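Inspection log for the structure reproduced underneath, given as structure tokens.
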Amino acid sequence: MVLGVFCVVVVVPACGRQGSADPTAPASSALVSSASASLSQDELYAEAERVYRAYFELEQQAFLEGGVNGVPVEMNQYIMGKYSLMFSGALAQMAKNGWRMKPGTREQIASLKWAPEITREDSLATLQVCIDSNDSPLIDSSGTVIGGGLNLNSMFFKYDTDGDLKIYGGNGEGVDSCEIY
């Protein structure tokens, strides 16, 4: 949500300067073991990237709507647990405060990197994503910009009980550049 992934989580002041969602319920280790054993690391990360990009598209629509329609039902294919609850709470806060992404705009994925060196508890894959919301800021009901910019996010993935790889946690911060080393 940085207005991309985590600005909405923190929701506002400095839009995305600090924000996180903790992981949730442990996935079945048998399910995770068999599912992850069947994929190479490249296949696992390609799936994580596919999941993230699909999530990002739905997130854009929810931000443009200002959270008034809640979490899109299709989002359940891509997020789970506390991350899902956090996203729902962020959209509810947007709706309550009359915040939305500037109409007619969309955030941009400025960079996306597979980041196996970044781990969290039982994450199977981590993506580092830099979102540019300079041209698609968060605005209030009067059109005043209340957040936007560049945000670097780490997105954590694991298998859900339905066997699908999903985002279960993330954190982000505002940055001056989208260079990912």
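Which residues, counting only those in the range 72-84, are open to solvent by 40 Å² or more (accessible area, probe 1.4 Å) and either of a type in the set (Asp, Glu) or without any contact (Cβ under 8 Å) to a residue 40 or more places away in the chain (or both)? Break it down into steps so the answer makes sense when it comes.
Start the filter on the range 72-84 by keeping residues that are open to solvent by 40 Å² or more (accessible area, probe 1.4 Å), which leaves 73-74, 76-77, 82.
Hits for the range 72-84 are Val73, Glu74, Asn76.
If Val71 passes every condition in (1) outside any helix (DSSP H, G or I); (2) at pLDDT 95 or above but one, which one does it miss?
Every listed condition holds for Val71 apart from (2).
Looking at the range 144-179, which of its residues are in contact (Cβ under 8 Å) with a residue 24 or more places away in the chain, over 17 Å from the mean Cα position of the chain (by Cα) and either assigned to a loop (DSSP other than H, G, I, E, B) or at positive phi (or both)?
Residues satisfying the conditions are Thr161, Gly163, Asp176, Ser177, Glu179.
Residue by residue, here is whether (1) modelled with pLDDT under 95; (2) of a type outside the set (Gly, Ala, Ser); (3) open to solvent by 40 Å² or more (accessible area, probe 1.4 Å); (4) more than 20 Å from Glu57 (Cα to Cα) holds:
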| residue | (1), (2), (3), (4) |
| --- | --- |
| Asn97 | no, yes, yes, yes |
| Met101 | no, yes, no, no |
| Gln108 | no, yes, yes, no |
| Trp114 | no, yes, yes, no |
| Leu138 | no, yes, no, no |
| Tyr168 | no, yes, no, no |
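Which of the residues belonging to the range 116-131 are open to solvent by less than 50 Å² (accessible area, probe 1.4 Å) and not hydrophobic (A, V, I, L, M, F, W, C)?
Arg120, Ser123, Thr126, Gln128
Considering only residues of the range 144-166 that are over 17 Å from Leu124 (Cβ atoms) and in contact with a Pro (Cβ under 7 Å, 6 or more places away or on another chain), which is surrounded by the fewest Cβ atoms within 10 Å (Cβ to Cβ)? Quick ask: steps written out before the conclusion?
Let us first name the residues in the range 144-166 that are over 17 Å from Leu124 (Cβ atoms), namely 144-153.
Subsequent filtering for residues that are in contact with a Pro (Cβ under 7 Å, 6 or more places away or on another chain) retains 145, 147-148.
Working: Val145: 11, Gly147: 26, Gly148: 26.
Result: Val145.
In a helix (DSSP H, G or I) and touching a residue at least 60 places away in the same chain (Cβ under 8 Å) - does that describe any residue in the range 121-133?
So far as the range 121-133 goes, no, none of its residues is in a helix (DSSP H, G or I) and touching a residue at least 60 places away in the same chain (Cβ under 8 Å).
Conditions: (1) farther than 16 Å from Gly67 by Cβ; (2) of a type outside the set (Val, Ile, Thr); (3) surrounded by fewer than 18 Cβ atoms within 10 Å (Cβ to Cβ). Ala92 meets all but one. Number of the miss?
Here Ala92 meets the rest and fails (1).
The values are calculated or read from the model by the stated rules, or taken from the named source; none is laboratory data. Please read all numbers here as calculations on a predicted model, not as lab measurements. In this analysis, Cβ positions are derived from the backbone assuming ideal geometry, glycine residues included, and neighbour counts consider all displayed protein chains. Accessible surface areas use protein heavy atoms only, side chains included; no ligands, DNA or RNA. Shrake-Rupley method; radii C 1.70, N 1.55, O 1.52, S 1.80 Å.
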